Amino acid sequence: VDSPATSYASGHSSWMGGGQIRSPQTVWNPRDKMVYATYTNMSNQLYVQRYSGNTGSGDLTDNGNDGAIATSVNNGNESRVAMCYDTAKNQLFMSYNRTDGTNGWKYRIGTPNSTNNTGLDWGNQVAPFNSVYYADVCYEPTQGKIVLLYRDDANSDDLYLIAGQISDSTSSATITWGSAVRVDGSNNIAGNSRLSICSCGSSRVLFSWSRTSNDTRCGAATITAGNGVTDISASFPQLTGNGAYSNVAWDHSKDKGVVTYRDANTSDYGMGRLVTLGA
């Protein structure tokens, strides 16, 4: 989300779940002015709460949820659930690590429906990544792609990127994925230390991760029209040799990003670096 509200006079809060929740995330649907908030509960159920947003006042109207859209979902706090909103196809991409049956990364697509598009029609669960248990995702608007950053447990716990495109704006939409590209094969990836990815505009994405050695790094890549991933950083800057829990974000008005992380070398202080991408 860049700036869903220019100003607000008051805020509104709402209870979600009625108990302890895990993996909370939010995304913004700019067409319908909707906020989608996802969480897992201690019973391993995944929910998406729907809120109408008033961009003038900042108020939120709770439109409820559709019940659990998945069960047996890993409710760990880090990199177990990831979602984004496709603004071209107007679809919510909801992905998660479901542990029953074939353990791995699954997803469902939510299509806005009903009066003022405050509801969601959910497509069937799809399970294309059976050896993936940790991931993050973003929507890259220049090419109109869903971009998944993940650890592949079937390939030495290495870090990968893959891009895909949602077919249409209907409740039967599917995704065509390109070929996965290995990002980091130098050391096993620490999924519980968080993966993070965001769009930078101009077909670029920025991402960060930590290795099991606690070496925390960030990188960038270009997403192509053919669901490809290219121009991956040749040398990933090391943020710290003893870090975890990194996050990336991008300021589109300044064309600069920021990466934050916890650094055990500085008494576990939160640290931040400004990021500028080269040509």
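The values are calculated or read from the model by the stated rules, or taken from the named source; none is laboratory data. Source: prediction; values computed, not measured. Here the Cβ positions follow ideal geometry from the backbone for every residue, glycine too, while neighbour counts run over all protein chains shown. Note: accessible area is taken over every heavy atom of the protein model, side chains too, but ligands, DNA and RNA are not part of it. Shrake-Rupley method; radii C 1.70, N 1.55, O 1.52, S 1.80 Å.
Looking at the range 22-79, which of the residues that are at negative phi and basic (Lys, Arg) is least open to solvent (accessible area, probe 1.4 Å)? Before you say what the answer is, go through the steps one by one.
Step one: filter the range 22-79 for residues at negative phi, giving 22, 24-32, 34-43, 45-57, 59-63, 65-66, 68-71, 73-78.
In the following step, the residues that additionally are basic (Lys, Arg) were identified as 22, 31, 50.
Values: Arg22: 60, Arg31: 121, Arg50: 18 Å².
The extreme case among them is Arg50.
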Within the range 243-259, can you find the residues that are open to solvent by 50 Å² or more (accessible area, probe 1.4 Å) and either within 18 Å of Ile189 (Cα to Cα) or in contact with a helix residue (DSSP H, G or I) (Cβ under 6 Å, 6 or more places away or on another chain) (or both)? Tyr245, Asn247
Lone unmet requirement of (1) open to solvent by 60 Å² or more (accessible area, probe 1.4 Å); (2) closer than 20 Å to Lys106 by Cβ; (3) of a type in the set (Ser, Thr, Tyr) for Ser169: (2)
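Among the residues of the range 137-147, is there at least one that is among the charged types (D, E, K, R), in contact (Cβ under 8 Å) with a residue 60 or more places away in the chain and out of contact with any Lys or Arg (no Cβ under 9 Å at 6 or more places or on another chain)? So that I can check it myself, show each step before the final result.
Step one: list which residues in the range 137-147 are among the charged types (D, E, K, R), which gives 140, 145.
Applying the additional criterion that residues be in contact (Cβ under 8 Å) with a residue 60 or more places away in the chain yields 140, 145.
Now drop any that are not out of contact with any Lys or Arg (no Cβ under 9 Å at 6 or more places or on another chain), which leaves 145.
Checked against the condition, which is being among the charged types (D, E, K, R), in contact (Cβ under 8 Å) with a residue 60 or more places away in the chain and out of contact with any Lys or Arg (no Cβ under 9 Å at 6 or more places or on another chain), the range 137-147 yields at least one hit.
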Condition first: touching an Asp or Glu at 6+ places or on another chain (Cβ under 7 Å), in a strand (DSSP E or B) and open to solvent by 20 Å² or more (accessible area, probe 1.4 Å). Can you find one or more residues in the range 123-131 that meet it? no
Give the residues of the range 194-226 that are open to solvent by 20 Å² or more (accessible area, probe 1.4 Å) and not in a strand (DSSP E or B), sorted by residue number. Arg194, Ser202, Thr212, Ser213, Asn214, Thr224, Ala225, Gly226
Considering only residues that are over 18 Å from Gly76 (Cα atoms) and open to solvent by less than 30 Å² (accessible area, probe 1.4 Å), which ones fall in the range 100-117? Ile109, Gly110, Thr111, Pro112
Search the range 185-206 for residues that are within 17 Å of Ser79 (Cα to Cα) and pair each with any residue that is open to solvent by 20 Å² or more (accessible area, probe 1.4 Å) and part of a loop (DSSP other than H, G, I, E, B) when their beta-carbon atoms are under 6 Å apart and the residues are at least 6 apart or on different chains. Asn188/Asp157; Asn188/Thr212; Ile189/Asp157; Ala190/Thr212; Asn192/Glu78; Arg194/Glu78
With the condition kept exactly as written, say whether any residue in the range 141-153 is at pLDDT 95 or above, touching a Phe, Trp or Tyr at 6+ places or on another chain (Cβ under 7 Å), closer than 24 Å to Gln49 by Cα and crowded, with 21+ Cβ neighbours inside 10 Å. yes
Filter pass, Asn97 being in contact (Cβ under 8 Å) with a residue 12 or more places away in the chain, crowded, with 16+ Cβ neighbours inside 10 Å and more than 29 Å from Gln143 (Cα to Cα): no
For Thr174, the lone unmet condition from (1) at pLDDT 95 or above; (2) under 18 Å from the mean Cα position of the chain (by Cα); (3) of a type in the set (Val, Ile, Thr) is (2)
Total residues in the range 260-279, condition open to solvent by 90 Å² or more (accessible area, probe 1.4 Å) and assigned to a strand (DSSP E or B): 4
Kindly provide the set of residues from the range 37-53 that are over 25 Å from Asn192 (Cβ atoms) and touching a residue at least 40 places away in the same chain (Cβ under 8 Å), ordered by number. Arg50, Ser52, Gly53
